[in-house]
1. Any idea how far apart VAL33 and THR18 come out in nm if each label point goes 7 Å out from Cα toward Cβ?
2. If you count, for each residue, the other Cβ atoms within 10 Å and average over each peptide, how do 18-24, 70-76 line up from highest to lowest?
3. Given R₀ = 22 Å, what would the calculated FRET efficiency be for GLN58 paired with THR9, taking r from the Cβ atoms and rounding to 0.05?
4. For GLU86 and ASP69 in one chain, what is 0.36 nm times their gap in residues minus the Cα-Cα distance, to one decimal in nm?
5. Please compute the length gained on full extension between ASP50 and ALA79, using 0.36 nm multiplied by the number of residues separating them and subtracting their Cα-Cα distance.
Amino acid sequence: MEENQELQTVPFTTEDGTVVELLVMEETTLQGVHYILVTDEADPDREEADVMIMKETQQKETDEIAVYDIVEDEAELQAVAKVFAELMEDVEFKL
């Protein structure tokens, strides 16, 4: 991640209805689907952090907010994690 890059956040609603802000560490588009790599860690430069890969499930309209869901399909998760690993050369992913 670049030093002076300001991190975006996205709201995420947990199963119990709590809304938490997740930091977007990276994003990419594969086969027309937008994916984001997010963490709830306050310091994205920590050596280890738990991350989630989410995909856009509702296309943005002009006034609509994008909707993202956690990627749960193992094959899709592996493929997207590989792309994020290439984009973020200095990061190692453990699935």
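1. It is 2.9 nm.
2. Per-residue Cβ counts within 10 Å, averaged per peptide and sorted highest first, yield 18-24, 70-76.
3. 0.75
4. 3.9 nm
5. The ASP50-ALA79 span can extend by a further 8.6 nm.
Just so you know, all these numbers are worked out from the coordinates, no wet-lab data involved. For clarity, every value in this text was computed on a predicted model and none was experimentally measured. Here the Cβ is made from the backbone with ideal geometry for all residues, glycine too, and neighbour counts use every protein chain on show.
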